[in-house]
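Read-outs throughout are calculated quantities, based only on the coordinates presented, and are distinct from any laboratory measurement. None of the values given here were measured: they were computed from a predicted structure. Because the Cβ atoms are built from the backbone with ideal geometry, glycine has one as well, and the counts that use them run over all protein chains shown.
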């Protein structure tokens, strides 16, 4: 299919115009005008680009692309190497950040809810989600569920009761939402990263905090998006997971 048709479809599906983001959403580096083979992944690192080349892909669809606010505007160092390889191999780079976190069906947070058996009860649109487990369980059981689903042991900062039911979550580096999660009455808040002050806030707000990994919590949105366009357009789509412990 035509690259412009795919990008227009994704922009509309993810409602990119509704977001004020930290990087451009949509086409970031133009390559082949025809799209046949798409590789999806979390971050457009050199390792992912090289893996995409090995598959014969003409398009790379990611959650973390390029041209972030406050980074150097010059195309030098690692950025020059990445972009040079993309251009040399005529590969499109398409990236969606906050729109892919927030999408109610394909987004990272929606996919995490499915993984963990959470019923989303958030009263408004937004990145922070609040909901419930289908039935209460111990915090240790929830930690085990998160570990098995993400293949990664989360860092647990204890602060709540042994039994949990109400869960708040937001993928990626959203540890700063812990106060809002506590105000919503959550027993536990799950995000990707952690900061020094999160330890104290968890104790003082009496809420458990699980740092489940930025990369680990953001695998599933781009994977679901790739599966969607494969079904919608008959494209060849392959998800490649470049391991990242953070």
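Odds and ends about this structure:
- Top of 116, 169, 68 by mean-square fluctuation, Gaussian network on the chain, Cα under 10 Å: 68
- Shape of region 3-96, Cα gyration tensor, a/c cut at 1.5: oblate
- Choice from 134, 77, 176 with maximal GNM fluctuation in the chain (Cα, 10 Å cutoff): 77
- Histogrammed with a bin width of 5 Å, the alpha carbon distances of the chain distribute as 1, 6, 14, 17, 17, 15, 11, 8, 6, 3, 1, 0 percent, first bin at zero.
- At R0 = 41 Å, FRET efficiency that the Cβ-Cβ distance of residue 87 and residue 148 yields, to 0.05: 0.50
- Here r is the Cβ-Cβ distance between residue 2 and residue 183 and R0 is 41 Å; the resulting FRET efficiency, rounded to 0.05, is 0.30.
- Separation in nanometres of the label points that stand 7 Å from Cα toward Cβ, at residue 75 and residue 32: 2.0
- For the chain, a Gaussian network of Cα nodes joined below 10 Å ranks 129, 219, 152 by mean-square fluctuation, and the top entry is 152.
- Here the calculated FRET efficiency for residue 230 and residue 67, from their Cβ-Cβ distance with R0 = 22 Å, stands at 0.25, rounded to the nearest 0.05.
- Rounded to 10°, Cα long-axis angle of helix 220-233 versus longest principal axis of the chain: 50
- Spacing of the two label points (7 Å from each Cα toward its C-beta) at residue 197 and residue 140, in nm: 3.3
- Relative intensity, log₁₀ I(q)/I(0), of region 49-107 from a Debye sum that treats every alpha carbon as a point, q = 0.16, 0.17, 0.27 Å⁻¹: -0.60, -0.67, -1.12
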